[in-house]
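In what follows, a structure is listed as structure tokens, so that the remarks can point back to it.
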Amino acid sequence: MRHRDRFLNRRDFLTTMLASTAFVQAQLRQSWAQETPREVSLERPAEGMPHAGKVLLAVQAHSDDIPLSAAGTVAKLVKEGYTGYLLRATNDDMGDAPGLGTPGSIGDHVLGNERDNAEVARLLGLKKAFDLNYSNHRMADVSQNELQCRLIFLIRLLKVDTVVCWDPWAHDEENPDHTQIARGVEAACWMAGRAHDYPEQFAAGLAPHAVQEKYYYARRPEVNRVVDVSGVVEQIIDANRANRAKGPAGNHGSRLRAELAKRGQKLPLLGDDDVTADRNYIREFILARSRALGQKHGVQYAEAYHHIGGPRRSAVEEYTKKNAVPIK
């Protein structure tokens with residue numbers, strides 16, 4: 001009986017893993033099929049470091065959000081000169097789910113995701129990771145004013161020019177943490193530039209500083225910007241492989257390879273060692289959405305965003321530039 005139980009447990013693990021992958025792929029296909037047609041610009045890799053001197057804040061509710069949805073864009077922007085920082089809103093204490101992440105206790109999840117998050121920041125070339133340490137799936141209890149104040153402080157402290165975050169206006173969002181951090185970021189980006197909001201921060205040497213550009217990702221984004229991330233695919237894979245305690249990537253490839261070996265089977269895709277198995281699993285399954293989107297726009301891999309802002313002048317500034325004349 002014990003042997004039969006062990007076999008069933010292995011079979012259940014394999015079935016759950018493959019079902020989880022199929023479910024993720026089905027959701028991704030559905031999300032792109034439902035995308036609202038609109039004008040979409042393609043952001044290609046830039047030569048040199050045109051963003052030198054600018055600051056990027058990559059925001060996620062959980063340790064797998066940026067790796068799964070925006071790692072390529074973050075790596076691309078850092079490569080082009082941004083100084084980058086990573087902000088994680090929760091401590092991921094409710095970290096695993098059937099077929100996802102690494103099973104364990106709540107304490108295991110907190111420590112494992114803390115380590116993963118720091119490694120993701122390092123692999124993406126980010127200068128520092130900040131953790132707000134709210135409880136996973138409990139951010140609806142957090143005061144919006146408290147969250148905005150903490151975000152405004154960081155925006156002013158770091159002098160953030162651009163944020164990458166969950167879209168506060170996106171459809172089909174089921175996780176309350178995603179919605180809450182997105183709403184907080186949207187408000188903070190604007191309020192941080194206003195002199196009457198939290199003026200006590202100025203006594204610490206800060207100054208008003210509004211965020212000018214936003215890349216918002218989502219399950220079903222309102223897409224107006226597609227970013228070509230073909231040149232940083234290996235970094236995307238690195239970031240997702242580092243995210244072991246949570247999500248569908250991590251070491252799922254090597255785990256699947258080991259389960260198949262116990263049954264006297266193998267997948268050529270997974271190669272002959274754990275590193276190859278993990279990387280090829282991520283490339284084939286986790287990057288399926290990115291690959292499909294890239295093909296749609298004539299590149300190998302891409303990520304989609306609701307993009308807001310960027311370098312621009314007001315109508316007054318444009319008129320002044322064209323019509324101002326010297327005083328005689």
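The values are calculated or read from the model by the stated rules, or taken from the named source; none is laboratory data. This structure is a prediction, so every number in the text was calculated from the model and none was measured. Using ideal geometry, Cβ is built from the backbone for each residue, glycine included, and neighbour counts are taken over all protein chains shown. Side chains included, ligands, DNA and RNA excluded: accessible areas come from the protein's heavy atoms. Shrake-Rupley method; radii C 1.70, N 1.55, O 1.52, S 1.80 Å.
If a paramagnetic tag sat 7 Å from the Cα of W190 along the Cα-Cβ line, which residues of the range 299-328 would have the backbone N under 15 Å from that point?
From the range 299-328, the list is 308-309.
Carbon and sulfur together cover what percent of the accessible area of the chain at a 1.4 Å probe radius?
Carbon and sulfur: 53 percent of the exposed surface of the chain.
How would you rank 218-226, 266-274, 156-164, highest first, on the average number of other Cβ atoms within 10 Å across their residues?
Working: 218-226: 20.0, 266-274: 13.7, 156-164: 21.7.
Highest-to-lowest ranking by the protection proxy: 156-164, 218-226, 266-274.
Pairs of alpha-carbon atoms within less than 8 angstrom and 6+ residues apart define the contacts here; what relative contact order does the range 199-328 have, in percent? Don't skip to the end; give the middle numbers.
Values: 137 pairs, mean separation 47.8, N = 130.
Relative contact order, the range 199-328: 37 percent.
Quick check for you: with a 1.4 Å probe and neighbouring chains kept, what is the accessible area per residue of the chain, in Å²?
Numbers: 16250 Å² over 328 residues.
Value for the chain: 50 Å² per residue.
How do W166, W190 stack up against each other in accessible area, from largest to smallest, with a 1.4 angstrom probe?
Values: W166 15, W190 155 Å².
Listed by decreasing accessible area, they come as W190, W166.
What is the spin-label model distance, in nm, from Q295 to E200 if the labels are put 7 Å beyond Cα along the C-beta direction?
Inter-label distance under the simple model: 5.6 nm.
So how much accessible area does K262 have, in Å² to the nearest 10, using a 1.4 Å probe?
Probe radius 1.4 Å; accessible area of K262 about 130 Å².
Provide, in order from the shortest bin, the percent of all Cα-Cα pairs of the range 80-201 in each 10 Å bin, continuing until the bin that contains the maximum pair distance.
All Cα pairs, binned at 10 Å, distribute as 12, 38, 37, 11, 1 percent.
For the chain, what relative contact order do you get, as a whole percent, if you take Cα pairs closer than 8 Å and at least 6 residues apart?
This gives 22 percent for the chain.
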